[in-house]
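The values are calculated or read from the model by the stated rules, or taken from the named source; none is laboratory data. None of the values given here were measured: they were computed from a predicted structure. All Cβ positions, glycine included, derive from the backbone under ideal geometry; neighbour counts span all protein chains shown. Quick note on the areas: whole protein, heavy atoms, side chains included, nothing else; ligands and nucleic acids left out. Shrake-Rupley method; radii C 1.70, N 1.55, O 1.52, S 1.80 Å.
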Amino acid sequence: ALAPSSAPSMQWGVPDPVAPAAVETTLRVTEKNKCKDLSVTTGTVLRKALIDNKVDVYSFRGKLTNCGGNGSCGTCVVKVTEGAWNLSEASMGETVRLKKAPAGCRLSCRAIINGPVSVETKPL
């Protein structure tokens, strides 16, 4: 049997990309004018981080009609107040869905946390 290698694997003579190591970072959440800091792992989807930490992402209507994080309903909108550059880039579909939303809004189900970020829940 071959021993595991620490070298990156190769496919077609090109090294496979190595994902950056996940590290803990801070997610600051403002919910109903109350602010709290959460410790989350980079690479986590914002919606999952919020729900895992018992943050209420949805309005009443959103609780009944959300798509479960598929990016198709637009009910998990958050306003990014600091650190927008530490979230994954918005896709064209997300941009189109949020064209009438205030500047700085993102779908929490489409944003991946890459570093410290601050968000406000239910800005609409």
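Summed over segment 110-123, residues that are part of a loop (DSSP other than H, G, I, E, B) and touching a Gly at 6+ places or on another chain (Cβ under 7 Å) total 3. Residues in segment 65-78 that are out of contact with any helix residue (DSSP H, G or I) (no Cβ under 7 Å at 6 or more places or on another chain) and surrounded by fewer than 19 Cβ atoms within 10 Å (Cβ to Cβ): 65, 67, 68, 70, 72. Screening segment 12-109 for strands (runs of 3 or more DSSP E) wholly inside it with 1 or more residues that are over 18 Å from residue 123 (Cα atoms), touching a Ser or Thr at 6+ places or on another chain (Cβ under 6 Å) and modelled with pLDDT of 90 or more returns the ranges 24-31, 34-41. Looking only at residues of segment 110-124 that are closer than 16 Å to residue 31 by Cα and open to solvent by less than 80 Å² (accessible area, probe 1.4 Å), we find that the one that is modelled with the lowest pLDDT is 123.
Filtered by the rule that a residue be open to solvent by 20 Å² or more (accessible area, probe 1.4 Å) and not hydroxyl-bearing (Ser, Thr, Tyr), segment 48-64 gives 48, 51, 52, 53, 54, 56, 60, 61, 63, 64.
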